[in-house]
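The values are calculated or read from the model by the stated rules, or taken from the named source; none is laboratory data. Worth saying up front: this structure is predicted, and the values here are computed from it rather than measured. Cβ: placed from backbone, ideal geometry, glycine included. Neighbour counts: every protein chain shown. Quick note on the areas: whole protein, heavy atoms, side chains included, nothing else; ligands and nucleic acids left out. Shrake-Rupley method; radii C 1.70, N 1.55, O 1.52, S 1.80 Å.
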Amino acid sequence: MFTKLKRLQAIADTGVVLIVRLDDAEEAYQVATAAIAGGIRALEITYSVPNALRIIERLATEHPEVVVGAGTVLDAQAAYAAIQAGAQLLVSPNLSPEMLAVANRYQAVSISGAFTPTEIVNSAEAGADLVKLFPAEVLGPQYVKSVMAPLAHIPVAPTGGVTPENVGEWFAAGVSAVGVGSFVTKAEHAPGDYEPVAIAAKTFLAAVDQARN
């Protein structure tokens, strides 16, 4: 019954959470499916995607081995709707105590957004399982290294601008996982051919594995 622990372990095993933020519902579903085929084991469908909850429901039903979640969850209502659709992960770009309360109530993994040391600590105190450093590209690995010196006990995952080329710098700085979006979700592909997305996912996961080992 330690379902939340298993979900956290899936994130810890790969070190990656995929962010799917696309303008077309079917494209988002197909991209997510291809990324799963490429090895992704934790992902969020952002609320900005049309029919996001329906996509979450489909993916959660079809891929029980994957931690399927909702992104840009800003309040308790959105959090509960996502849980009802089958989300096992709730992600917010900011600190929303209401979202965290719903996530903890239903044992969903929670990732809370933060930008400063104060926000990182506040997210941890509010019950976030993982703190999303966002937007990470504005701050860089050196910022994380400095922040993690006193806050190494808090698991941090940068999101924004993380690539196979720089992911090693992020892990060297002390992060626990990373969020990836465009490198995988916008991998160039012909209509109906999503193999490049799966390849991009494999490439990114391999880069993370190399960075951590």
| query | Could we say that Thr61 is open to solvent by 20 Å² or more (accessible area, probe 1.4 Å), out of contact with any Pro (no Cβ under 6 Å at 6 or more places or on another chain), more than 23 Å from Lys186 (Cβ to Cβ) and modelled with pLDDT of 95 or more here? | reply | yes
The condition of being under 24 Å from Leu22 (Cα atoms) and either part of a loop (DSSP other than H, G, I, E, B) or open to solvent by less than 20 Å² (accessible area, probe 1.4 Å) (or both) holds, among Pro158, Pro196, only for Pro158
Reported set for region 119-146 where residues are open to solvent by 50 Å² or more (accessible area, probe 1.4 Å), closer than 21 Å to Leu90 by Cα and part of a helix (DSSP H, G or I) is Glu119, Asn122, Glu125
Just one listed residue, out of Thr3, Thr72, Thr33, Thr14, is among the polar types (S, T, N, Q) and modelled with pLDDT under 95, and it is Thr3
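Each row is one residue, and each column tells you yes or no for (1) assigned to a helix (DSSP H, G or I); (2) small (Gly, Ala, Ser); (3) surrounded by fewer than 19 Cβ atoms within 10 Å (Cβ to Cβ).
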{"position": "Ala149", "(1), (2), (3)": "yes, yes, yes"}
{"position": "His153", "(1), (2), (3)": "no, no, yes"}
{"position": "Gly168", "(1), (2), (3)": "yes, yes, yes"}
{"position": "Phe171", "(1), (2), (3)": "yes, no, no"}
{"position": "Gly192", "(1), (2), (3)": "no, yes, yes"}
{"position": "Ala207", "(1), (2), (3)": "yes, yes, no"}
Within region 164-213, the residues that are among the hydroxyl-bearing types (Ser, Thr, Tyr) and touching a residue at least 24 places away in the same chain (Cβ under 8 Å) are Ser176, Thr185, Tyr194, Thr203
Listed by range, helices (runs of 4 or more DSSP H) wholly within region 1-77 having at least 3 residues that are of a type outside the set (Gly, Ala, Ser) and farther than 28 Å from Val167 by Cα are 52-62
Quiz item: Do we find that Pro97 is within 15 Å of the chain's Cα centre (by Cα) and open to solvent by 40 Å² or more (accessible area, probe 1.4 Å) in this structure?
Solution: no
